[in-house]
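**Student:** Sharing a structure, written as structure tokens. Questions coming.
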Amino acid sequence: MIKLRKLLVLLFAIAMIAAACGSDGGSDAAGDSSDDSSSSDDGGGDDGDGDDEAMAEDDDGGDDSVDAVQGSDLTFHMITHSDDGPFWSVVKRGAEAAAADVGVTLVWMPGNNDPGQMVTDIATAIGEGSNGIAASLPSPDQLVGPLQEAVAAGVPVYTLNSGVNDYQDIGATTHIGQTEFIAGQGAGERFNDAGATHVLCGRQEQSNVGLTERCDGMADTFSGTVTDEFVGLDADQTDQINQIKAVLEANPDIDAFLGVGPVIAMSGLAAANDLGRELTIGGFDITPDIIDAIEGGSIAFTVDQQQYLQGYLPVILMYLEATNANTAGGGLPVLTGPGFVTIDNASDVKALVAEGTR
Amino acid sequence: MSDVTIDDSAAGAIASAQDEVADERLVYQGVFQRLFIRPEVGATLAAASIWIFFWAVSGPFGLTGGASTILDVSSTLGIMAVAVSMLMIGGEFDLSAGAATGALGIVTLLLVRDITGDMGGAGLSLWVALPLSFIVAMGLGWFNGTMVNRTSLPSFIVTLGSFFIIVGAKLGFAKLLVDQIQVGKLDDLAIAADDRGGDKGYAFFDRIFGAEWDRNSHIWEARDAFYTIAIVAGLVLLFVGLHELYFRRRKERGLVSLAGVLPGVAVLIAGILILHNTDDTGGNALGAAVIGAAMLVGSVGLCAMRYSRHPGIGSLGSSAPMLKALGAGVVAVALAVVAALSFDPAVDEDITFLVTEQGLRAILFVGLSMIGAVLLLVGQSRARSISRLTGSVVLALIGIGVAAMAFFIRAESASPKFRGQVFSIMLAVAAAIVVWSIATTLFEERRFIDARADRFGQSVAIAGILAMVVGVTIRMLWVTQVELDRGIPPAKFSVRIIWFFVFTAACTWVLARTKFGSWVFAVGGNKDAARQIGVPAARTKTQLFMLVSGAAWLVGVLLAFRLNTIQANTGDGEEFEYIIAAVVGGTMLTGGYGSTFGAAIGAVIMAMAIQGLPSSRWNSDWRFVFLGAILLLSVIANNYIRSKAEAIR
């Protein structure tokens, strides 16, 4: 009986571990982690649904195509790890708008974070005689090979969102996206302009390359002191707020806070309010809360990677390459960010978010 | 225990029977041993040491500020940990508890969200929405419990299934109904009090679930006087209670004999007045000396009036094991002093590899001192077994050593809290040790059970502890103008803390004093045996699952009022923190043993471990190493103390 019980306890322990892993996987769909960590393989750390907290969404789901208006018989494939969440639905809307503008057929193939699905989709696109493939690279090891085959088959390839370190290996024309480091550098400049002297860069995950690069980029351009800390997960915001408070209290000279996600930026605001401290607060990505706070003047800015461009530009560039033999980028990536939402444009952005293009 | 008073001859018989192999149930246990037989005492001691440690190492981890953040973090965690520990005592787990907190908050928000303003939401009043979401919570608990009972599958598997369902449903419904992965905002109700003129009960429920007490806006000049009176009264009561529990009463002594302590109290007040009116080192030392004298006068006065003298005090002696332990203890303490001296106390900014320089210094100093203290205490107990006098002399020497250490810390430290508070507390402890050594030499300890004395002593001691808790609470909740002028940072205490305390107290009472509580232990210990003696095992387990989901509802609503917006991933993965808090607090993973109060303390330990590191400005990359070490040490300490206690029992 005792042995049986010990065995049960052991089983429970194993189940606990399994459940812990499972819980991570489960929360990824909602949270900020999966793509940031998976795309960390490519070093660029560009995030996909890391921006899930972004706002509006209006997807029909599944593969669907926008029919050519007239004249053109070009067909482009956009193969991403999209989960059709709030972030990717904006990308999709950008791509559809571009396809309608230039009159081409766009096939939107969301991989839903499954690289295997994306490999199949790439093969399908090549088989269908695609005139251009735009793909994201959440896990380069699996996707570089198939895309090289596409290039070898004479299909122009563009990478978007993630893949800034691999697009040249593939032979892609260019990469359309934002690098986290450059986005962080932009935030650093903002803090310089605001006259901050000591910034706390708060991270909501401990070992996420993308989030670390945002902090590193900020430290690169910021002229004062930077304290870089992991301050608790988004899943427990009470804890996060109090940990930020603890760091603020331990460092009385901190006068600015950069939260490298939208939730943690709001936590920074709550912590500053609790302590009665006046901080210059910056955040990443767009949520209704953060836009309201920017409108109200309590948060200075949020960094927006303008994912609409990541859908719109590849289609236009593929169209121009197919019809006019243009190759944009000159071998360098085309950056879609950082764009900044501040008190000056918050109300405009809010309206655009409601329309689903920001 | 019976009410029979045992007279001296019977006591003598029992005492002599003790020397032979007596019935183990009759063996009298010392006061301090009896204190440790509770499952939560180990956790409480661990919590106290962690608090002292971070308080010493970190700048902002002060009494008020530290308490407000620790209690804020531990309130929601603690409510869940308490409920989960009851479920675990009942032999089951609930892996869906964490995700359920966020889910029930989202359900509430979806029910109150206005349809007209944005998309989604039922636009109900909170008066309707809160009961409705509570019914959802009860349904969830009932589902978990019934599934576990009907299928006889391990609750791990069943609730793992509900965990994934809840995680998916949260995201799915949030996106379907609101088109976002966060649902909010609750305070829109207050901002846009609707056309009918009502705010749908927001103002009312915000006072219940979201109220906060801002300390800096509550000035009370007489606070320090009340604080001092409460602490002094508490100490005196505790002191009397311990005497009553420890010493053997002379026959037929009425309560009047307690007056023996009064001269000591008078001297104590004089000492405090000296401390209050002088600020320099000499004045402090004088005040401390007077307070020490007060303790001696009070103790000896009380003993002389009330307790019987010990016939012989024995003679001085020594033995090799005693000297070995004492020698090792002295060496450890000396090493601690050397460690403290080898760092520059003025350098506070430098952050070394892991911790601040002051942090490393404190770790070495505190760690070595603790080892030294334990070794010295071992030596003292060996000395005691040689003769009373030897034991007392060694104890008094230890007390003098503590006093010397106090002066050392005061001279070495640049931090005001060491120069003031630690110094005075250590001096008081030193004085208490010396006084105790004298009293225990001269007067006879009780070696038999005296129910009346035990009950009286316990009541008095508990009253003393309560008085001190009241004093500390007053000190934390109010501010004085002097403090405001010094610009102390604001501290906020939220109503969540009260919910945490009330919920813990209620669950502890249910577990200890009701039939349902006994059933919980029974079904957790052995479900089949419990059923055979008539315990409704299945129903009890279902009710426990409903308790957990009810707690998750409470936490979800508290979070909704705190954050206004709830993310779809709120609470996911937190269920392990609840289980960990319960285990740290002494609850067993196998069921049938545990404590709700311990689980609450476990939550406080986790909150301190999480909060202490950023407060101490230690390198956050290493945080989980510290967290793991602290949790492991707490559990080991808890288990060790408990096994010792059970060996005595």
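**Student:** For the stretch B:359-455, take N as its residue count and report Rg(C-alpha) divided by 2.2 N^0.38 Å. Write down the numbers at each step before the final one.
**Tutor:** Details: Rg = 16.4 Å, N = 97, 2.2 N^0.38 = 12.5 Å.
Scaled against compact globular proteins, the figure is 1.31.
**Student:** Can you compute the modelled spin-label distance between B:GLN532 and B:LEU466, with each label point 7 Å from Cα toward Cβ, in nm?
**Tutor:** 4.3 nm
**Student:** Collect residues whose amide H, placed 1.01 Å from N in the peptide plane, falls under 5 Å from the amide H of B:THR587; neighbours closer than 5 in sequence don't count.
**Tutor:** Amide H neighbours of B:THR587, under 5 Å, 5+ apart: B:SER595.
**Student:** Another question, if that's okay. Treating the Cα atoms of the stretch B:142-238 as identical point scatterers in vacuum, please give the log10 of the normalised Debye intensity I(q)/I(0) at q = 0.12, 0.13 Å⁻¹, two decimals.
**Tutor:** Log10 of I(q)/I(0), two decimals: -0.81, -0.83.
**Student:** What's the angle, to the nearest 10 degrees (0 to 90), between helix B:623-648's Cα axis and the longest principal axis of chain B?
**Tutor:** Compared with the principal axis, the helix lies near 60 degrees.
**Student:** Now for a separate question. Shape call for the stretch A:180-304 from the C-alpha gyration tensor, a ≥ b ≥ c root eigenvalues: rounded (a/c under 1.5), prolate (a/b greater than b/c) or oblate?
**Tutor:** Details: a/c = 1.16, a/b = 1.13, b/c = 1.03.
Taking the square roots of the gyration eigenvalues as a ≥ b ≥ c, the stretch A:180-304 is rounded.
**Student:** Place +1 on the Cβ of every Lys and Arg and -1 on the Cβ of every Asp and Glu in the stretch B:526-585, take the dipole about the Cα centre, and give the residue among B:VAL548, B:VAL583, B:ASN569 whose Cα lies farthest towards its positive end.
**Tutor:** Sorting the options by dipole projection puts first B:VAL548.
**Student:** Then there's this: Could you list, in their original order, any pairs among A:LYS350/B:LYS200; A:LYS245/B:LYS541; B:LYS492/B:LYS541; B:LYS185/B:LYS515; B:LYS175/B:LYS527 whose Cα atoms are separated by more than 32 Å?
**Tutor:** Values: A:LYS350/B:LYS200 27 Å; A:LYS245/B:LYS541 40 Å; B:LYS492/B:LYS541 38 Å; B:LYS185/B:LYS515 42 Å; B:LYS175/B:LYS527 42 Å.
Among A:LYS350/B:LYS200; A:LYS245/B:LYS541; B:LYS492/B:LYS541; B:LYS185/B:LYS515; B:LYS175/B:LYS527, the Cα-Cα distance tops 32 Å for A:LYS245/B:LYS541; B:LYS492/B:LYS541; B:LYS185/B:LYS515; B:LYS175/B:LYS527.
**Student:** Hey, another quick one. Rounded to the nearest 20 debye, what is the charge dipole size of chain B about its Cα centre when +1 sits on each Lys and Arg Cβ and -1 on each Asp and Glu Cβ?
**Tutor:** Details: 48 positive and 47 negative charges, 358 e Å.
Magnitude of the dipole: close to 1720 debye.
**Student:** Rounded, prolate or oblate: which fits the stretch B:538-645, taking a ≥ b ≥ c as square roots of the Cα gyration tensor eigenvalues, rounded meaning a/c under 1.5, else prolate when a/b beats b/c?
**Tutor:** It is oblate, given that a/c is not under 1.5 and a/b is not larger than b/c.
**Student:** Here is a further query. Please get the size of the charge dipole for the stretch B:135-235, origin at its Cα centre, with Cβ charges of +1 on Lys and Arg and -1 on Asp and Glu, quoted in debye to the nearest 20.
**Tutor:** My answer is approximately 580 debye.
**Student:** At a Förster radius of 56 Å, what calculated FRET efficiency corresponds to the Cβ-Cβ distance of B:THR151 and A:ALA351, to the nearest 0.05? Intermediate values should be presented prior to the final figure.
**Tutor:** Numbers: r = 52 Å, r/R0 = 0.93.
Plugging the Cβ-Cβ distance into 1/(1 + (r/R0)^6) gives 0.60.
**Student:** Using every pair of alpha-carbon atoms in the stretch A:200-267, split the distances into 5 Å bins beginning at 0 and state the percent of pairs per bin, rounded to integers.
**Tutor:** The distribution over the stretch A:200-267 is 4, 18, 31, 25, 17, 4, 0, given as percents.
**Student:** Hey, another quick one. Once every Cα of the stretch B:443-599 carries one equal point scatterer and solvent is ignored, give the base-10 log of I(q)/I(0) from the Debye formula at q = 0.13, 0.14, 0.17, 0.21 Å⁻¹, two decimals.
**Tutor:** Results for the stretch B:443-599 at q = 0.13, 0.14, 0.17, 0.21 Å⁻¹ read -0.93, -1.02, -1.20, -1.36.
**Student:** Using Cβ counts within 10 Å as a stand-in for footprinting exposure, how do B:THR570, A:THR120, A:THR174 rank, fewest first? Write down the numbers at each step before the final one.
**Tutor:** Numbers: B:THR570 31, A:THR120 15, A:THR174 23.
Final ranking by Cβ density, sparse to dense: A:THR120, A:THR174, B:THR570.
**Student:** Sticking with this one: Pairs of Cα atoms under 8 Å, at least six residues apart: use those to get the relative contact order of chain B, whole percent.
**Tutor:** So the answer I get is 35 percent.
**Student:** Using a simple charge model, +1 on the beta-carbon of Lys and Arg, -1 on the beta-carbon of Asp and Glu, nothing else, what dipole does the stretch A:180-304 show about its Cα centre, in debye to the nearest 20? Intermediate values should be presented prior to the final figure.
**Tutor:** Values: 5 positive and 22 negative charges, 35 e Å.
The calculation lands at about 160 debye.
**Student:** What residue among A:ALA183, A:VAL199, A:ALA300 has its Cα farthest toward the positive end of the dipole of the stretch A:180-304, where the charges are +1 on Lys, Arg and -1 on Asp, Glu, each on the Cβ?
**Tutor:** Among A:ALA183, A:VAL199, A:ALA300, the one farthest towards the positive end of the dipole of the stretch A:180-304 is A:VAL199.
**Student:** Based on Cα coordinates alone, diagonalise the gyration tensor for chain B, multiply each eigenvalue by 5, take square roots, and list the semi-axes in whole Å, largest first. Don't skip to the end; give the middle numbers.
**Tutor:** Values: eigenvalues 457, 202, 116 Å².
So the three semi-axes of chain B are 48, 32, 24 Å.
**Student:** Ratio of the stretch B:169-299's C-alpha Rg to 2.2 N^0.38 Å, to two decimals?
**Tutor:** 2.03
Bear in mind these aren't lab numbers, they're just calculated from the coordinates by the rules spelled out. All values derive from a computational prediction rather than experimental measurement. FYI the Cβ positions are ideal-geometry reconstructions off the backbone, even for glycines, and counts take in every protein chain you see.
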